[in-house]
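The next block holds one structure in the form of structure tokens; read it before the comments.
Each reported figure results from applying straightforward, stated rules to the coordinates on display, with no laboratory input. Note that this is a predicted model, so its numbers are computed, not measured. Here the Cβ is made from the backbone with ideal geometry for all residues, glycine too, and neighbour counts use every protein chain on show.
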Amino acid sequence: MPPHLSRAHLEPPAPPVNAQAEARRDYELALQVGNKSALNAFLKQYPDGFYASLAKLQLDKIAAEEARVAATEKARLAEQERVRLAAEGAQKAQQAKAEADAKTAEQARLAAEKAKQVAQDHATAAEQNRAAAEAGASDKGGADKDKAVNLAALNAGPPAEITKSVQAELRRVGCLAGTADGDWNTASQRSLTLFNRYAGTRFDAKVASVDTLDAIKLKSSRVCPLVCEHGFKVDGDRCTRIVCAEGSVLSDYNECEKRRSKKPVASREEDGRQARPERPVRERQRPDAGAAGARAAQGAAQAAGQGSGQILCGDAGCRPVNRGCHLEYRSFSAGGPYPAGGNIEICR
């Protein structure tokens, strides 16, 4: 090595810094953060150029979503006020004004929804054009040929990472109950469908995209209502088990009700015995008991020399007819002792 040449003279000069590549890198970082602060910081450093235009479109999309959320809330409050005045029977002028306000707020909500969709479409189309342009430059051997990646990779890394991020955000807003495992299965698709329903969006539930991730990140609180299984109830942002008091059980309607006591089941024989009261047992009189009593009474009367020799028998037994009296047969209506008639004692 000649003594007048140093190592610095022998090394090749460093390649010039590509300002466009730095802008692209910083834009991708701001896009991954996905909020207004990051995009505004990027625009402060790169106020002009291709990537500045992309950043402005992303800001327009975020602003349109915020306007849609505000308009939706205003429409909800206006409709709630209209219903309240109608239920309380307010004056017609007040009800008419509330109805007009609710209609205006609903129209503003629809307009904000449309503007948000337009801004989102513009930002998506711009990103797709950027990805196509960068891929074309890579095919031609451009400076960034080793970064020929698609839109999803530029925004948030590999597709699996995007899926995990979307799942994690869906869990945060209460639309997904499963884990963020990167598997975009049926449960994940159903959770994104629920998000579309309650957030008023129209994302394709079959894929997890960066636009979907950005929209979910804008939600600061729960979007999907909390649904608890049987035996649990909603307690704030979680489900707690329902505990019934002693003597109560949980019904099919998820409410505690008093336990019903079991009634004893009686058999047919027991029912029959209870239905038929016991009858007193009467001694049956022998057929010859009346005749024998009559003969005994007649013999006793003749032995005593009293009576007419006739015997009068009744429920109390038989006795001799008194002296000077005789028996006469009479019907029941004429004074007989039995319904079918019978003998009575006549004394004159």
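Which order do peptides 108-115, 241-248, 206-213 fall in by mean Cβ count within 10 Å, highest first?
On the way: 108-115: 17.1, 241-248: 10.2, 206-213: 19.1.
Descending packing order for the listed peptides: 206-213, 108-115, 241-248.
Residue by residue, what Karplus-based ³J(HN,Hα) values in Hz, rounded to whole numbers, does segment 188-195 have, using 6.51, -1.76 and 1.60 with θ = phi - 60° and x for Gly and Pro?
Ordered by residue, 3J(HN,Hα) equals 5, 5, 5, 5, 5, 4, 5, 4 Hz.
Rounded, prolate or oblate: which fits segment 167-226 when a ≥ b ≥ c are the square roots of the eigenvalues of the alpha-carbon gyration tensor, with rounded for a/c under 1.5 and prolate only if a/b beats b/c? Let's see the in-between values first.
Details: a/c = 1.35, a/b = 1.15, b/c = 1.17.
The shape class here is rounded.
Could you compute the net charge surrounding ALA108? Neighbours are other residues with a C-beta less than 13 Å from the C-beta of ALA108; K and R count +1, D and E count -1. Could the numbers behind the result be given before it?
Working: positive: ARG68, LYS74, ARG76, LYS103, ARG109, LYS114, LYS116; negative: GLU73, GLU79, ASP101, GLU106, GLU113.
Net charge around ALA108: +2.
Set the bar at 21 Å for Cα to Cα. Now go through LYS44/LYS219; LYS61/LYS114; LYS74/LYS233; LYS114/LYS164; LYS36/LYS56; LYS74/LYS116 and name every pair that lies beyond it.
Details: LYS44/LYS219 26 Å; LYS61/LYS114 12 Å; LYS74/LYS233 30 Å; LYS114/LYS164 29 Å; LYS36/LYS56 10 Å; LYS74/LYS116 16 Å.
Over 21 Å apart, Cα to Cα: LYS44/LYS219; LYS74/LYS233; LYS114/LYS164.
Based on the mean of other Cβ atoms within 10 Å per residue, sort peptides 52-60, 225-233 so the most packed one is first. Could the numbers behind the result be given before it?
Values: 52-60: 18.9, 225-233: 11.6.
Packing proxy ranking, top to bottom: 52-60, 225-233.
Which cross-chain or sequence-distant (5 or more) residues have an amide H under 5 Å from the amide H of GLY341, H modelled 1.01 Å from N in plane?
Those lying under 5 Å, H to H, from GLY341 are PHE332.
Please give the FRET efficiency for THR124 paired with ARG222, using the beta carbon to beta carbon distance and R0 = 25 Å, rounded to the nearest 0.05. Mind dumping the intermediate values first?
Values: r = 27 Å, r/R0 = 1.06.
Once rounded, the FRET efficiency stands at 0.40.
Between segment 319-340 and segment 165-214, what is the separation of their alpha carbon centroids in Å?
110
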